[in-house]
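Read through the structure below, which is laid out as structure tokens, and then see the notes.
Read-outs throughout are calculated quantities, based only on the coordinates presented, and are distinct from any laboratory measurement. Just so we're clear, the structure is a prediction, and the values are computed from it rather than from any experiment. No Cβ is skipped: glycine too gets one built from the backbone with ideal geometry, and neighbour counts run over all protein chains shown.
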Amino acid sequence: MKKVFLYAAMLFAALVFASCGDEESETPANDPAVKAGICPDANHPHLIDLGDAGKWACCNVGAKSPWENGNYFNYGATDTQSSDYCVEGGEISGNEAYDAATAGWGGNWKMPTSERFSTLNEKCTFEWITLKGTNGGKFTAPNGNSIFLPAAGRRCDGHEDGYRVGNHGYYWSSTSYGQGQRADCLIFDHSGADVNNDYGRFEGRSIRPVQE
Ligand SMILES: [Zn+2]
């Protein structure tokens with residue numbers, strides 16, 4: 001009888017250890033984005049409603065979670081490896097031939113226009129945070145919802161794996177004006193964010209999809 005009790009105790013202990021282990025890795029409550037109040041559960045990507053600032057994906061093209069940097073794309077390139085960029089310029093949001101969000105994710109996903117980045121920047125409060133080891137900007141809307149943009153750096157000459165990773169975020173908007181090498185871009189670091197008409201369509205930068 002004593003032996004049976006001992007086996008039962010050992011089995012119980014084993015179950016307790018096993019369930020603790022599972023909890024660490026699999027419970028949605030342990031997802032860093034859920035803990036940070038950004039996502040409702042661990043099934044990324046989500047569509048986050050930021051009120052006037054529109055609806056935004058919770059992660060970048062090429063990322064499976066909000067804290068992953070994802071891929072770099074030249075402005076107007078839908079293939080992350082491509083060295084091409086959109087020379088003609090103009091508005092490429094939702095254009096499958098040039099928009100990496102539409103081409104990569106399909107459906108109604110598209111790159112944010114310059115205006116949407118400006119609205120995001122004006123309506124939301126900016127906070128520099130670290131999410132699961134990744135530095136970046138947390139943009140919180142007046143309705144309380146928020147998104148996290150990793151400071152993924154950018155791909156440029158001599159920095160194929162990324163330049164200023166962890167210190168700066170560079171996110172292409174879909175908007176450029178005429179031929180050339182400039183396009184509007186959301187740029188941020190620990191001190192804040194801005195939307196700039198920036199040189200470098202030929203550089204790989206991050207893409208954060210949006211919907212209407
Ligand atoms: Zn999410």
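Observations on the structure shown:
- Boolean, residue 115 is assigned to a strand (DSSP E or B), surrounded by fewer than 18 Cβ atoms within 10 Å (Cβ to Cβ) and charged (D, E, K, R): no
- Residues that are part of a helix (DSSP H, G or I) and touching a residue at least 24 places away in the same chain (Cβ under 8 Å) were ranked within region 27-58; the one that is nearest to the ligand (Cβ to nearest atom) is 33.
- One residue stands out among those in region 59-83 that are touching a helix residue (DSSP H, G or I) at 6+ places or on another chain (Cβ under 6 Å) and under 22 Å from residue 175 (Cβ atoms): the one that is farthest from the ligand (Cβ to nearest atom), which is 78.
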